[in-house]
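Colleague: I have a structure I would like to understand better, so I am pasting it below and will then ask my questions one at a time.
Every number in this text was worked out from the coordinates using simple rules, so none of it is lab data. Remember, predicted model here, so these are calculated numbers, not experimental data. Reconstructed Cβ throughout: ideal geometry from the backbone, glycine too, with neighbour counts over all protein chains shown.
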Amino acid sequence: MNFQELKSLYQLPFFELIKKAREVHEKHWPENEIQLCTLLSIKTGGCSEDCSYCAQSARYKSGVNAERLMPECDILDRARAARENGSTRFCMGAAWKGVRCGTKRFEEVLGIVKKVSELGMEVCTTLGELGPEEARQLKDAGVTAYNHNIDTSPEHYPNIVSTHTFDDRLNTIRNVQDAGMSVCSGGILGLGETADDRLKMLEVLSGFNPPPESIPINKLMPMPGTPLEGADPVDTFDVARTIACARIAVPGAKVRLSAGRTELSEEAQALCFFAGANSIFYGDKLLTAANPQTQQDLRLLEKLGMKTQEPNRELEAPAKQPQRPLSPAPA
Ligand code: SAM
Ligand code: DTB
Ligand code: SF4
């Protein structure tokens, strides 16, 4: 879906936009289900990159200390606990610029992925940049989806990060797709971007071929010590509008209402679900930041009469579609 189409949607009166998104949602996702994903930071802090929203960058005094890769047995304990709590997807995040074949840490991660994948949940990793061979090896080890966010528009990206480029992000995403993993890619609202930046981000995401399997929409959690600690909060209606546009632009994707739910009321979250979000991070902690308590989330889903989704153990990457470019051709 191109920028102009997205802009016409975004500018509709709120209820018209939500109504359109709901129609798409009910057609593609009639089950009234929410996917529960558990996140675990397997390697926290000390990252070489300068993403200005991130508490894990070594450049900012955020109070998050650099840690080593968690031991495999501890990660497996957390993965088992996530499964027992009803999570159907386990996502392991590492504060690295990227990973390289043949290094000790990559071999360790491959071993961890193999074990976690035996538990029967969808296995997602987010480890930074990947080349083609790293992507193949992760896929062979059992990764079903790889999270790599484009975060904002190509134009705004250099204002947020200087240590890698938007094209670097797209290259990794291409390598993930070529290896046959599903792509989980989305962004953050609240980085000082305009509404147009959000729509340009969605234009890029909707141009992926195959389309992203999931689209996380994060609301910036302003982390003390980061350049964005004082950023203005995003209006809830803008969050809902962005989710609605994502739902319409990529109907088959899980749209994940991701970071920032602690700052959204139950009513605001219900609005986001109605607008097309059908997945959440579940568990008291994201990577370093807080998330709603699990009991609170279960109560909310019960109040809304929503079911939790069964795991898709055979998760296949969405099929490639004929003749669609990775990113849209310039107008
Ligand atoms: N290092 C890897 C990378 O950059 O892809 C993986 C971890 S990184 C923390 C994953 C994503 O978390 C980022 O792309 C960003 O979208 C999101 N994120 C990080 N800090 C955030 C914050 N303070 N508020 C909202 N989202 C955040
Ligand atoms: C995503 O889009 N959001 C998650 C996950 N992918 C890895 C991370 C959110 C991080 C929030 C800030 C923190 O916990 O430090
Ligand atoms: Fe590092 Fe990822 Fe944080 Fe950027 S978002 S500083 S790459 S952990």
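Colleague: Report, in deg cm²/dmol and to the nearest 500, the calculated mean residue ellipticity at 222 nm for the chain, where each DSSP H run with n ≥ 4 adds -39500 (n - 2.57) and the sum is divided by the residue count.
Modeller: The per-residue figure over the chain is -11500 deg cm²/dmol.
Colleague: Now for a different question. Roughly how big is the chain's charge dipole about its Cα centre, with Cβ charges of +1 (Lys, Arg) and -1 (Asp, Glu), in debye to the nearest 20? Can you show the working numbers first?
Modeller: On the way: 38 positive and 44 negative charges, 67 e Å.
So the dipole magnitude of the chain works out to roughly 320 debye.
Colleague: Taking H placed 1.01 Å from N in the peptide plane, check which residues at least 5 places from residue 39 or on another chain put their amide H under 5 Å from its amide H.
Modeller: 91, 282
Colleague: Let me ask another. What is the ratio of the Cα radius of gyration of the stretch 1-112 to 2.2 N^0.38 Å, where N is its residue count, to two decimals? Walk me through the intermediate numbers first.
Modeller: Working: Rg = 20.1 Å, N = 112, 2.2 N^0.38 = 13.2 Å.
This ratio for the stretch 1-112 stands at 1.52.
Colleague: Using label points projected 7 Å from each Cα along Cα→Cβ, tell me how many nm separate residue 28 and residue 295, to one decimal.
Modeller: The modelled label-to-label distance comes out at 3.6 nm.
Colleague: Once amide H atoms are placed 1.01 Å from N in the peptide plane, what residues at a sequence separation of 5 or more from residue 129, or on another chain, have their amide H within under 5 Å of its amide H?
Modeller: Excluding prolines and chain starts, which carry no amide H, the hits are 98, 99.
Colleague: Under 8 Å for C-alpha pairs, at least 6 residues apart: give me the relative contact order for the stretch 86-197, rounded to a whole percent. Mind showing how you got there, number by number?
Modeller: Values: 162 pairs, mean separation 29.9, N = 112.
Taking the mean separation of contacting Cα pairs over the length of the stretch 86-197, I get 27 percent.
Colleague: Right, something else. For the stretch 141-263, list log₁₀ I(q)/I(0) at each q in 0.16, 0.18 Å⁻¹, using the Debye formula over Cα point scatterers of equal strength and ignoring solvent, two decimals each.
Modeller: For the stretch 141-263, the Cα-only Debye profile gives -0.75, -0.95.
Colleague: Please report the orientation-averaged projected area of the chain, defined via the convex hull of its C-alpha atoms, in nm². Walk me through the intermediate numbers first.
Modeller: Numbers: hull surface 60.7 nm².
Mean projected area of the Cα convex hull: 15.2 nm².
Colleague: Check the straight Cα-Cα distances from residue 254 and name the aspartates and glutamates below 15 Å, setting aside those fewer than 8 residues away within the same chain.
Modeller: Hits, sequence-local ones excluded: 26, 31, 33, 122, 213, 310, 316.
Colleague: At a 10 Å Cβ-Cβ cut-off, how would you order 198, 241, 174, fewest neighbours first? Show your work: numbers first, answer last.
Modeller: Values: 198 27, 241 24, 174 18.
In increasing order of surrounding Cβ atoms, one gets 174, 241, 198.
Colleague: How do 7, 104 line up, fewest other C-beta atoms within 10 Å first? Write down the numbers at each step before the final one.
Modeller: Working: 7 15, 104 8.
Fewest-to-most ranking of 7, 104: 104, 7.
Colleague: Excluding same-chain residues fewer than 8 positions from residue 104, which aspartates and glutamates have a Cα within less than 17 Å of its Cα?
Modeller: List returned: 67, 72, 129, 133, 134.
Colleague: Can you compute the modelled spin-label distance between residue 115 and residue 97, with each label point 7 Å from Cα toward Cβ, in nm?
Modeller: Going by the 7 Å Cα→Cβ label model, 2.9 nm.
Colleague: Here's something else I'd like to know. So what's the net charge close to residue 234: Lys and Arg +1, Asp and Glu -1, counting the other residues with Cβ under 11 Å from its Cβ?
Modeller: On the way: positive: 198, 219, 241; negative: 193, 232, 235, 238, 263.
Computed value for this residue: -2.
Colleague: Hey, what did the chain get for relative contact order, percent, Cα under 8 Å, at least 6 apart?
Modeller: Numbers: 663 pairs, mean separation 79.0, N = 331.
About 24 percent, as a whole number.
Colleague: Return the Rg/Rh value of the stretch 80-148, two decimal places, where both radii are evaluated on C-alpha atoms and Rh is the Kirkwood radius. Kindly include the intermediate steps, with their values, before the conclusion.
Modeller: Details: Rg = 11.7 Å, Rh = 12.2 Å.
My calculation puts Rg/Rh at 0.96.
Colleague: Can you pick out the pairs among 7/303; 27/307; 7/320 whose Cα atoms lie more than 24 Å from each other?
Modeller: Listed pairs above 24 Å: 7/303; 7/320.
Colleague: Using a 4.7 Å cut-off between beta carbons, which cysteines in the chain end up with no partner cysteine at all?
Modeller: That list is 37, 47, 73, 101, 184, 245, 272.
Colleague: May I ask you to evaluate 6.51 cos²θ - 1.76 cosθ + 1.60, the Karplus curve with θ = phi - 60°, for each residue of the stretch 294-306 and list the ³J(HN,Hα) values in order in whole Hz, giving x for glycine and proline?
Modeller: 4, 4, 5, 5, 5, 5, 4, 5, 5, 4, 8, x, 9
Colleague: Name the residues whose placed amide hydrogens come within less than 5 Å of the amide hydrogen of residue 34, ignoring near sequence neighbours (fewer than 5 apart) on the same chain.
Modeller: So residue 34 has HN proximity to 307, 308, 309.
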